[in-house]
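Colleague: Just passing along the structure, written as C-alpha cells.
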Amino acid sequence: MRATINVDFVFFNQKENAMPLIQSIEVYAVVNEFSATTADPVYVGVVTKGYGGREFPLRYQKTSMSFVGGQTYRFGFSTAGGAYTPAWDSQANGSNSLSAYPLEVSDGAQFDQRVYLRKEPVRADGQADSALFLDDVSVTLRLDSGEAFFYRTRYSTNEEPSMVRLANENGQIVYLYPV
C-alpha cells in the first residue's frame with residue numbers, strides 16, 4: 001500500500017521574506033520629584049506576536065546607577081549605536097545586544113507588540129521594597145524597514161501625565177500604550 005501526501009503551501013524563513021527586525025529600542029523615563037531613590041533592577045520588555053520576546057535591563061545590579069527623584073533618564077539598545085548612552089551590556093555582541101540576539105516583529109504591525117516596564121523588588125535582610133514613581137515613560141522601537149513605533153504611559157502627548165507607581169503595593173509592571 002502506498003500513501004500520497006499533497007503539499008499545497010510551503011513557507012520558508014528566507015532572508016528576503018523575513019519579518020522586520022527591531023534595530024533599536026529607546027527608553028525615556030522621567031522620575032517623579034517626590035520618588036525615593038531606588039537601586040532595584042528595572043527592565044523594559046518587548047513581547048512580539050508569535051515570535052517571543054525579551055527583557056532589557058535599564059538598571060541592573062551590576063551597575064552602580066540608581067533612579068533618583070526629579071531626574072530624566074534616556075536608555076538605548078541598538079544594532080548600530082544611537083544618540084543615547086547604550087544601556088548595560090547592549091554594545092555589539094553583549095548579552096543585551098540586538099545584533100547578537102535579534103527580535104522580529106510580525107509584519108511590522110505596531111499593535112502586534114506589547115511593551116512594558118517592570119521593576120524587580122530586591123529585598124536584602126531587613127529592607128523593604130524600594131518604590132519607583134515615574135511621571136512619564138516612553139519607548140520607541142525602530143525597525144530595519146525604517147518604521148518607528150511609539151509607546152507611552154498615556155494615550156497621547158496631550159493628556160495630563162498620570163504617575164506610574166512601581167512597588168509591591170501598586171504592582172511591579174506597567175504596560176505602555178501604542179501612540
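Colleague: Extension gain Phe34-Ser99, at 0.36 nm per residue separation less the Cα-Cα distance, in nm? Numbers along the way, then the final one.
Modeller: Numbers: separation 65, 0.36 × 65 = 23.40 nm, distance 3.76 nm.
Fully extending the segment from Phe34 to Ser99 adds 19.6 nm.
Colleague: Which ³J(HN,Hα) values, rounded to whole Hz and listed in residue order, are derived for region 24-35 from phi using the Karplus coefficients 6.51, -1.76 and 1.60 in 6.51 cos²θ - 1.76 cosθ + 1.60 with θ = phi - 60°, glycine and proline given as x?
Modeller: Result, ordered by residue: 7, 10, 10, 10, 10, 10, 10, 7, 4, 5, 9, 6 Hz.
Colleague: Report ³J(HN,Hα) in whole Hz for each residue of region 142-153, in order, from the Karplus equation J = 6.51 cos²θ - 1.76 cosθ + 1.60 where θ = phi - 60°; Gly and Pro get x.
Modeller: 10, 9, 5, 7, x, 6, 9, 10, 10, 9, 9, 7
Colleague: Then there is this: Assuming R0 = 35 Å, what is the FRET efficiency of Gln71 and Asn168, from their Cβ-Cβ distance, to the nearest 0.05?
Modeller: Values: r = 23 Å, r/R0 = 0.65.
Efficiency, from the Cβ-Cβ distance: 0.95.
Just so you know, all these numbers are worked out from the coordinates, no wet-lab data involved. Please read these numbers as outputs of a predicted model, since none were measured by experiment. All Cβ positions, even for glycine, are placed from backbone atoms using ideal geometry, and neighbour counts span all protein chains on display.
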